[in-house]
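Sharing a structure below in structure tokens format, with a few things to ask.
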Amino acid sequence: MLKDWKRWTAAAAATVFAVGMLGACGSNSGSGKTKITIFNSKSEIQSQFEDLAETYSEDHDVDVEVYYSSDTVAAHLATKYAANQPYTISMVDAKDIYSLGPEHALDLSDQKWVSDTDQAIAVDGKTYGFPVTIEARGLIYNADAIKKATGKEFKPESIKTTDDLKQLIADLKAGGMETPVGIMKEDWSLAAHYLPQVYEEQQDPTAFIKSLHDGTDINTDARWTSLMDTFDVLKDNNYAKGDKAISAEREVTEQKLAKGEIALMFGGNWDWSVLNQYEPSKNMGMMPVPQNDDSMDVTSKLVGGGSKYLFIDNSKNTSKEQQKAAKDFLNWLALDKEGQKWVVNTANLVPPFKSNKLEVTDPLGKSVKKYADAGELIANYNYLPDDHYSVLGADFQKYLAGQADRATFSKQIDEYWQKNDMKTIQ
């Protein structure tokens, strides 16, 4: 999230710090116990985190306070550091660990949990990022809705190619489902989740992006063509057409999927927190995006990995006692049976730690865990520039609405990368 940490910090130093957040500093609480503060950037688990802070404080000799902000992670943390009031533990995205870790994060390489996961983030041999969960992207399906329309049990493994997808949609239409697909129009869904698959599903994502920067036309790439051919099938069968496609609300789209009015939607296991509000069928799941180019075995894998990371502040504003308490908390989350229960049963997250054998309960999480356990995840590319999803997301929305053709959209992608300073790419 941080494209230029020093620029943010300098700007934040001139701002007035919100009075309501001043309590997030200090190494001791009124009880005399060591106090640790946690910044949570995953809104859907804020209430669970607050409850955890209360019970953990009661059971351990420490006071825990959890904070959430709707501001961007970059802006919010920059303000905290500018005010010399960093959180003891901060939850950030993977890219932030790479940009912040060397300067602001405590080296956790010697912690017990490090050997229990493949998702921790290290920079220059030092482990800074504690993985919170595993998340992945793919095509979400409502198997009950498919069976109702087609009269057949749905076997997601049978849908491998774009042509397979076309046939499935034809069968759904024949069974009375006029528009079987829902597409989320949010810029982050289009250009932070769907479009990056074009980079991630390359033998060398960095080399591919550098080739775009150097002037290669993305239209010459087979993966781009393959994924966009599939997107066109989804777009052509979207329940919201034309301009309505970019005004359709996410909640409406997810409700339609939950109720079986549509059968397919590109998304991730985080969508269960929305779907679950509408009494959905439990017979749902996630499958790889079907496409005709199956190089790298992409039609047998989801794209994903560790999602959201915790780091411990290493500054003089965080005492040794607080750092120890923070380390204890992370080890508890990863390795203690009660911590593991909280991750899976309370926060409804897919655990990134091998020793956590608890069964994931939600159907999308189950799908992700199945692929993760089988080693069938294509790694996220964590180095995209901060403006990638906003700039190209706006362009992608025009394509979704039929306001631009593929040639126009591809040219916009080419021009974006040719003009990019490439500072984040590695």
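The values are calculated or read from the model by the stated rules, or taken from the named source; none is laboratory data. If you're wondering where the values come from, they're calculated on a predicted model, not measured in any experiment. For neighbour counting, all protein chains shown are included, and Cβ atoms are generated from backbone atoms with ideal geometry for every residue, glycine included. Accessible surface is based on the protein model in full, side chains and every heavy atom, while ligands, DNA and RNA are left aside. Shrake-Rupley method; radii C 1.70, N 1.55, O 1.52, S 1.80 Å.
Less than 12 Å Cβ to Cβ from Ile312, Lys/Arg counted +1 and Asp/Glu -1: what total charge do the surrounding residues give? Walk me through the numbers before you get to the answer.
Working: positive: Lys320, Lys324, Lys327; negative: Asp107, Asp313, Asp328.
That works out to 0.
Let a ≥ b ≥ c be the square roots of the eigenvalues of the Cα gyration tensor of the range 197-338; is it rounded (a/c under 1.5), or, if not, prolate (a/b larger than b/c) or oblate?
Values: a/c = 2.32, a/b = 1.34, b/c = 1.73.
Oblate, because a/c is 1.5 or more while a/b does not exceed b/c.
Summarise the long-distance tail of P(r) for the range 270-426 by giving the % of C-alpha pairs beyond 24 Å. Please report the intermediate quantities before stating the final value.
Numbers: 7087 of 12246 pairs.
Result for the distance tail: 58 percent.
Now for a separate question. Using 7 Å Cα-to-Cβ label points, what is the Ser319/Glu251 separation (nm, one decimal)?
4.4
Still on this structure, I have one more. Just order 294-300, 415-421 by mean Cβ neighbour count inside 10 Å, highest at the front, would you?
Numbers: 294-300: 15.7, 415-421: 14.0.
Final packing ranking: 294-300, 415-421.
Now a separate question. Using a basic spin-label model with each label point 7 Å from the Cα along Cα→Cβ, how many nm lie between Asp387 and Ala170?
4.5
Same structure, new question: Taking a quarter of the surface of the convex hull around the Cα atoms of the chain, what do you get in nm²? The partial results should precede the final answer.
Working: hull surface 81.7 nm².
Averaging across all directions leaves 20.4 nm² for the Cα convex hull.
At a probe size of 1.4 Å, how large is the accessible area of Asp243, to the nearest 10 Å²?
Answer for Asp243: close to 100 Å² accessible.
Name the residue farthest towards the positive end of the dipole of the range 150-309 from the options Trp224, Ser281, Ala263, assuming +1 on Cβ of Lys and Arg, -1 on Cβ of Asp and Glu, about the Cα centre.
So the residue furthest toward the plus end is Ser281.
So, counting K/R as plus one and D/E as minus one, what does the shell of residues with Cβ under 10 Å around Lys35 add up to? Please report the intermediate quantities before stating the final value.
Working: positive: Lys33; negative: Asp63, Glu65, Glu321.
Surrounding charge for Lys35 is -2.
Using alpha-carbon pairs under 8 Å, 6+ residues apart, how would you state the relative contact order of the chain in percent?
Details: 741 pairs, mean separation 103.2, N = 426.
Reported relative contact order: 24 percent.
Still on this structure, please answer the following. Let me have the 222 nm mean residue ellipticity of the chain computed from DSSP H runs of 4+ only, each contributing -39500 (n - 2.57), with the sum over all residues rounded to the nearest 500.
Working: 16 runs with 165 residues, N = 426.
-11500 deg cm²/dmol, from helical runs alone.
Which percent of the accessible area of the range 300-420 is formed by carbon and sulfur heavy atoms (probe 1.4 angstrom)? Before the final figure, lay out the partial values.
Working: 2380 of 5090 Å².
Percent of accessible area from carbon and sulfur atoms in the range 300-420: 47.
Also, quick follow-up: Within a Cβ distance under 11 Å of Gly175, other residues only, what is the Lys/Arg minus Asp/Glu net charge?
Values: positive: Lys147, Lys148, Lys152, Lys173; negative: Asp171, Glu178.
Surrounding charge for Gly175 is +2.
Going toward the positive end of the dipole of the chain, with +1 on Lys and Arg Cβ and -1 on Asp and Glu Cβ, which of Ser115, Phe409, Pro363 do you reach last?
Pro363
Also, I was wondering about something else. Within the accessible area of the range 229-268, what % is carbon and sulfur when the probe is 1.4 Å and the other protein chains stay in place? Kindly include the intermediate steps, with their values, before the conclusion.
Numbers: 680 of 1530 Å².
Result for the range 229-268: 44 percent of the exposed heavy-atom area is carbon or sulfur.
What whole-number value in Å² describes the accessible area per residue of the chain for a 1.4 Å probe?
Working: 18030 Å² over 426 residues.
Per-residue accessible area for the chain comes out at 42 Å².
Another question about this same structure. Using a 1.4 Å probe on the protein chains only, how many percent of the accessible area of the range 98-187 belongs to carbon and sulfur? The partial results should precede the final answer.
Values: 1760 of 4000 Å².
Carbon and sulfur atoms account for 44 percent of the accessible area of the range 98-187.
Once both axes come from the Cα atoms, what is the angle between helix 222-236 and the longest principal axis of the chain, in degrees from 0 to 90, rounded to 10?
70
Which distance in nm do the two modelled labels at Asp405 and Lys282 give, with both placed 7 Å along the Cα-to-Cβ direction?
Between Asp405 and Lys282, the label points sit 5.0 nm apart.
If you don't mind, there's one more thing I want to ask. For the chain, take the longest principal axis of its alpha carbons; what is the angle in degrees between that and the long axis of helix 320-335, to the nearest 10 within 0 to 90?
40
Right, something else. What does the accessible area of Ser319 come to, in Å² to the nearest 10, when a probe of 1.4 Å is used?
30
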